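Working notes, beginning with the structure itself.
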Amino acid sequence: MPPRSRPGGAGGSGRAPQRKAGLWRILRRRILQLLLVLIALPPLLTVVYSVVPPVSTLMIARYAQFLWVDRQWVPLENISPNLIKSVIASEDSGFCDNHGVEWDALQDQVEALSDGEKPRGASTLTMQTAKNLFLWGDRSYLRKALELPLALMINGILSKKRILEIYLNIAEWGEGIFGAEAAAQAWFGKAARDLTRVEAARLATALPNPLARNPAKPAPGHRRLAATNLARVAAAGPIFGCVLDG
């Protein structure tokens, strides 16, 4: 009888590389499948969000930690035009004209960075919506790079009104306070549709630092920002036409 192969002998040593190669093929297949899912998920979710009220990643994180969240979804028609104008004037005056990204502003920030200066955002409302829906809050160049294709995708799928409606319903306006309706109720005790110009300006200028700025009792610096915002809205001209009639 021919001798049987011993464990660890020629037969065993031949099977080990085959097993490793097989496991590596399976791993590569699973990684590819995961990448395809990650690539396809944002467009699919964005289509869903065209009709379903979404939640932000920050809201999901708070839910996961059993932290309090106050968000009351309202349609854009139930949000004061004063707040709509103040937010656009403060965050993205070219909102109605850009395609989700302000390339000139972005180039300026890249040049500032190359010159050793500290870059300043350059995020459009659509980019901020992309960040709130799909990304994390910490500032990083990776996150900023991911915002660009996501913003272009969102701008290609959703209308300007829907983008702004989503943004105004998921923006953070205080600890656990998300969206214009919750913010209006929390800070001013009224519905978002009833916000005055001054109240809207204070809310809009709180957005860059919502955990430190109190729209109801603004600090002197916050008051100056709100006054500047009011002046910008008054001098803005026809920059709100894609979301407001008349």
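Once the Cα-Cα distance is subtracted from the 0.36 nm per residue extended length, the residue 70 to residue 143 segment shows a gain of 23.7 nm. Measuring between alpha carbons in the structure, the pairs from 160/217; 160/190; 144/190 lying more than 30 angstrom apart are 160/217; 144/190. With θ taken as phi - 60° and the Karplus curve 6.51 cos²θ - 1.76 cosθ + 1.60 applied, the whole-hertz 3J(HN,Hα) list for the stretch 198-204 is 5, 4, 5, 5, 5, 5, 4 Hz, x standing for glycine and proline. Going by neighbour counts of Cβ atoms within 10 Å, the residues 131, 160, 20 line up, fewest first, as 20, 160, 131.
Report note on the peptides 234-242, 79-87: ranked by the mean count of other C-beta atoms within 10 Å, highest first, their order is 79-87, 234-242. Across the stretch 230-239, coupling constants 3J(HN,Hα) worked out from phi with the 6.51/-1.76/1.60 Karplus curve, θ = phi - 60°, read 4, 5, 5, 4, 5, 9, 5, x, x, 9 Hz, and Gly and Pro carry x. The ranking of 173, 73 by Cβ neighbour count inside 10 Å, starting from the fewest, reads 73, 173.
None of the figures in this text is laboratory data; all of them are computed from the coordinates on show. Treat the numbers as computed from the prediction; the structure is a model and nothing was measured. Cβ sites come from the backbone with ideal geometry, for glycine too, and all protein chains shown count toward neighbours.
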